[in-house]
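What follows is a short report on a single structure.
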Amino acid sequence: MEEVRPPAAESATPPVRDSVDDHVDRWLPLMPGLDRDTEGAVTRMAKILSHLHRVKERSLVDSGLARHEFDTLFTLAGREGLATPKELAGDLNLAPASVTGRLDALEQRGYVRRVPSADDRRRVAVHLTDQGMAAWRGALDVQGNEEDRIFGVLGAPERRVLSDLLRHVLIAAEGNPVR
């Protein structure tokens with residue numbers, strides 16, 4: 001694995017403090033062995049994820065999509081806009097009957113279309129419509145724009161270093177799960 005080196009620290013200017021610095025400062029007297037950097041990284045990741053979750057929820061409300069509708073459209077888009085209900089059920093980790101209910105609602109809204117299979121009339125293919133793609137992309141774009149905004153404070157090399165460092169941490173987390 002390639003060695004990851006963080007960007008050089010600026011020597012003269014102290015870093016700007018954020019709310020997590022205050023959090024760590026409050027806990028250090030109570031937990032003298034607390035690793036400031038680990039606690040800071042974990043707390044910052046949690047706050048960033050919480051922020052992005054709130055943006056996602058707001059984008060869904062603004063777009064008129066329920067979370068399960070967005071997830072279904074997202075999954076269908078990930079299959080290039082075409083899937084069987086069984087494939088969607090597997091991807092979404094749902095019972096087939098649950099997917100049928102979702103598809104009924106999405107079809108009523110014009111977001112998907114079910115087409116009987118030419119080979120087997122008992123089977124259907126689910127197609128993502130242009131209207132469904134537009135609804136999904138509208139919500140997704142809001143989320144993507146916010147990710148671009150907050151990570152845009154970093155240059156491309158810094159984003160690469162951050163991604164590589166988080167990859168190392170994730171590999172450790174995935175390789176040794178707590179039981």
Computed magnitude of the charge dipole of the stretch 34-73 (debye, nearest 20; Cβ of K, R +1, Cβ of D, E -1): 120
Of Arg67, Arg137, Arg17, which is the most mobile in a GNM of the chain whose springs link Cα atoms less than 10 angstrom apart? Arg17
Test of the criteria: in the stretch 78-135, which GluC sites (Glu not before Pro) are in a DSSP loop and have at most 16 other Cβ atoms within 10 angstrom of their Cβ? Glu80
By how many nm would the segment from Val124 to Met31 grow when fully extended, if each residue of separation counts as 0.36 nm and the alpha-carbon distance is taken off? 27.5 nm
Projected label distance in nm at Ala156 and Ala77, using a 7 Å step from Cα toward the beta-carbon: 2.5
Which value, in debye to the nearest 20, describes the size of the charge dipole of the chain about its Cα centre when Lys and Arg Cβ atoms bear +1, Asp and Glu Cβ atoms bear -1, and nothing else is charged? 680
Contour excess over end-to-end distance, with Cα ends at Arg44 and Glu57 and 0.36 nm allotted per residue: 2.7 nm
Pairwise label distance in nanometres, Val115 with His23, each label 7 Å out on the Cα-Cβ vector: 4.9
Using r as the Cβ-Cβ distance of Ser98 and His168, and R0 as 41 Å, what FRET efficiency do you calculate, to the nearest 0.05? 0.65
Furthest towards positive pole of dipole, Gln131, Pro29, Gly40, structure part the chain, Cβ charges: Gln131
Two-decimal Rg/Rh across the stretch 103-148, once Rg and the Kirkwood Rh are taken from alpha-carbon atoms: 1.19
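Values quoted throughout were computed directly from the atomic coordinates according to the rules given, and no laboratory measurement underlies them. Keep in mind that what you see is a predicted model, and the values were worked out from it rather than measured. We place every Cβ from the backbone using ideal geometry, glycine too, and count neighbours over all the protein chains shown.
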